[in-house]
Amino acid sequence: MARGFSPSRFDIPIWFMAKGDFIGLPVATLTSLRDKYVTCLEAIAVAGASYSIAGRSFSRANLGEVRETIAELTLAIQSASGTRIRTTYANFS
């Protein structure tokens, strides 16, 4: 999966800024949820349609939110399966 970038001036990858709201959920739940959000992203980006997950509607205006949620779910899946690589950055400014 390609990693997207935030719109910040520093181009910090969104996976770096993930909040971790999904950490601790079972991998099967995380994978199912990520699949739903990927389908949502495809429906919005390709067809221009709106999409609903668990009663919540998404449209083109929510593309960034959907992408960030996919990144957070991927982070949680990697964390749960032990495949996440942790990187520490130093800031000396």
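The values are calculated or read from the model by the stated rules, or taken from the named source; none is laboratory data. Please read these numbers as outputs of a predicted model, since none were measured by experiment. All Cβ positions, even for glycine, are placed from backbone atoms using ideal geometry, and neighbour counts span all protein chains on display. When the accessible area is computed, the model is the full protein with side chains, heavy atoms only, and any ligands, DNA or RNA have been set aside. Shrake-Rupley method; radii C 1.70, N 1.55, O 1.52, S 1.80 Å.
Entry remark, segment 61-80: residues being open to solvent by 70 Å² or more (accessible area, probe 1.4 Å) and of a type outside the set (A, V, I, L, M, F, W, C) number 2 in total. Exactly one residue among Thr87, Thr31 is part of a loop (DSSP other than H, G, I, E, B) and polar (S, T, N, Q), and that residue is Thr87.
Every residue in segment 46-60 that is more than 16 Å from Arg34 (Cβ to Cβ) and open to solvent by less than 60 Å² (accessible area, probe 1.4 Å), please. Selection gives Gly48, Ala49, Ser59. Note on segment 23-45: residues that are surrounded by 15 or more Cβ atoms within 10 Å (Cβ to Cβ) and more than 25 Å from Ser81 (Cα to Cα) amount to 2. A search for C-beta distances below 7 Å between a residue of segment 56-80 that is farther than 16 Å from Ala45 by Cα and any residue that is open to solvent by 20 Å² or more (accessible area, probe 1.4 Å) and assigned to a helix (DSSP H, G or I), counting only pairs 6+ apart in sequence or on different chains, returns Leu73/Leu33; Leu73/Arg34; Leu73/Tyr37; Thr74/Arg34; Ile77/Val27; Ile77/Thr31; Ile77/Arg34; Ala80/Val27.
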